[in-house]
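The values are calculated or read from the model by the stated rules, or taken from the named source; none is laboratory data. Computed from a predicted structure; not experimentally measured. FYI the Cβ positions are ideal-geometry reconstructions off the backbone, even for glycines, and counts take in every protein chain you see. Please note that ligands, DNA and RNA were not included when accessible areas were found on the heavy atoms of the full protein model with its side chains. Shrake-Rupley method; radii C 1.70, N 1.55, O 1.52, S 1.80 Å.
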Amino acid sequence: MYGKIRIEQVKQLKPMPKADEKLGFGRYFTDHMLLMDYEEGKGWFDPRIVPYAPLTLDPAAMVFHYGQAVFEGLKAFQSEEGEVRIFRPDQNAKRLNHSNERLQMPFIDEDFFVASIQTLVHVDAKWVPQQPGSSLYIRPFIVATEAGLGVRSSARYLFVVILTPVDSYYEEGLQPIHILVESHYARAAQGGIGDAKTGGNYAASMKAQALAKQKNCAQVLWLDASEKKFLEEVGSMNVFFYIGGEVITPSLSGSILAGVTRNSIIQLLKDWKIPVIERKISIAEIVQAYEDGTLQEAFGTGTAAVVSPIGSLHWNEKQMVVHQGGIGELTQRLYNAITGIQRGTVVDSHGWMASR
Ligand code: COI
């Protein structure tokens, strides 16, 4: 499929972060990257692993002008026995093609996607960090490279995969974060591109994010674009509320990204026989639950942060402190379960960890 992956080893290895160094998120990049080209009529060709280096693109490349770009995010972990495994890469392959379809970009064979990532991770395996809470974050992306300013779908693309050793996404780590409920700006609208993983959705979030920071909030809670009533996502994560013994998360309405961690959390809750419901949920319901005292916990989920507890919600003049501002038991249990499966200390009963 697409030809054999050619490997060009780097001549000069990069210095690696020290074992006790704070890695942050996306600050260091490994020695190699994976590239593959696409041309209309020819398909994907020349997959290659080459030294990590800047890309050369024509200034008229369509990605710069009309934003035809999709990406994914997934992680590789090292078990205590030293085995390197990737969390649910098949799910990212499917979602990448969903995004490709929405932006009229070419599909990538899902088995090839997984195999190519495994090959790259294997080449740079010494970069998979070992400290608890750390991982090798994998960032596959596709950009439109055809030079031209007519608005249409590009005839050429570049598939790229880069790797970065990371620890916690938020400075707060697993500490609960303060959230501003955003009642003016919207992340995505019905019929838009909110359920595709594409940079435009993140660009649309920057202004509200900056305003939230000014109010000492780490992220915003997005409401639906038309009525500003129903919950969508929190920052760049899916959102869950634990209310009166039941876990509720907004159903995938078309404007919400189908998170792989979201799906894994739902599965774990089902395994544990904790009621979990995907449905429309309004901010008014959250306020009501807070006032009734039935709002037990709230958290965001995503590949980068895994599970991120919500310590407080700020909506208009109202401040709602969740679980006394601390980490809830269920939130902690879910975090422990997912990270345990990822590191190989908890039984992987669903076969989520892929190894070569
Ligand atoms: C994720 O957690 O999956 C994300 O999408 C966040 C990423 C954009 C940094």
Original post:
Mind checking which aspartates and glutamates have their C-alpha under 14 Å from K270, skipping anything on the same chain fewer than 8 residues away?
Top reply: E246, E278
Original post:
For the cross-link pairs K229/K273; K22/K75; K207/K229; K14/K126; K22/K197, which exceed 23 Å when the distance is taken from alpha carbon to alpha carbon?
Top reply: K229/K273; K22/K197
**OP:** Report the antiparallel proportion of the DSSP beta bridges in segment 163-267 as a percent, rounded to a multiple of 5.
**Re:** 60 percent
Original post:
What does the accessible area per residue of segment 253-330 come to in Å², with a 1.4 Å probe and no ligands, DNA or RNA counted?
Top reply: 41 Å²
Original post:
Over the chain, what percent of the accessible surface lies on carbon and sulfur atoms, probe 1.4 Å?
Top reply: 52 percent
Original post:
Percent antiparallel among DSSP beta bridges with both residues in segment 6-166, to the nearest 5?
Top reply: 95 percent
Subject >> Over the chain: helical MRE at 222 nm, DSSP H runs n ≥ 4 each giving -39500 (n - 2.57), nearest 500 >> reply: -7000 deg cm²/dmol
Original post:
Using Cα atoms only, what is the angle between the long axis of helix 329-343 and the major principal axis of the chain, expressed in degrees (0 to 90) to the nearest 10?
Top reply: 20 degrees
**OP:** Just order 285-294, 32-41, 54-63 by mean Cβ neighbour count inside 10 Å, highest at the front, would you?
**Re:** 32-41, 285-294, 54-63
Subject >> At most 13 other Cβ within 10 Å, DSSP loop - trypsin sites (Lys or Arg not before Pro), segment 137-226 >> reply: R152, K215
**OP:** Measure out, as a whole number of angstrom, how far apart the alpha-carbon centroids of segment 23-82 and segment 281-356 sit.
**Re:** 31 Å
Original post:
Going out from 0 in 10 Å bins, what whole percent of all Cα-Cα distances in segment 150-287 drops into each bin?
Top reply: 10, 35, 36, 15, 3, 0
Original post:
Which order, highest average first, do 274-284, 14-24 follow once you tally other Cβ atoms within 10 Å for each residue and take the mean per peptide?
Top reply: 274-284, 14-24
Original post:
If you rank M206, M1 by how much accessible surface each has, with a 1.4 Å probe, what is the order from largest down?
Top reply: M1, M206
**OP:** Indicate, rounded to the nearest 5 percent, the antiparallel portion of the DSSP beta bridges found entirely in segment 177-343.
**Re:** 65 percent
Subject >> Whole-number percent relative contact order across segment 6-166, with pairs defined as alpha carbons under 8 Å at least 6 apart >> reply: 34 percent
Original post:
How fast does segment 6-166 diffuse by Stokes-Einstein, in µm²/s, taking the Kirkwood radius from C-alpha pairs at 20 °C and 1.002 mPa s?
Top reply: 130 µm²/s
Original post:
Per residue, how many Å² of accessible area does segment 80-186 show with a 1.4 Å probe?
Top reply: 41 Å²
Subject >> Relative frequency of Cα-Cα separations exceeding 28 Å in the chain, percent >> reply: 45 percent
Original post:
With the contact rule set at Cα under 8 Å and sequence spacing of 6 or more, what percent relative contact order holds for the chain?
Top reply: 18 percent
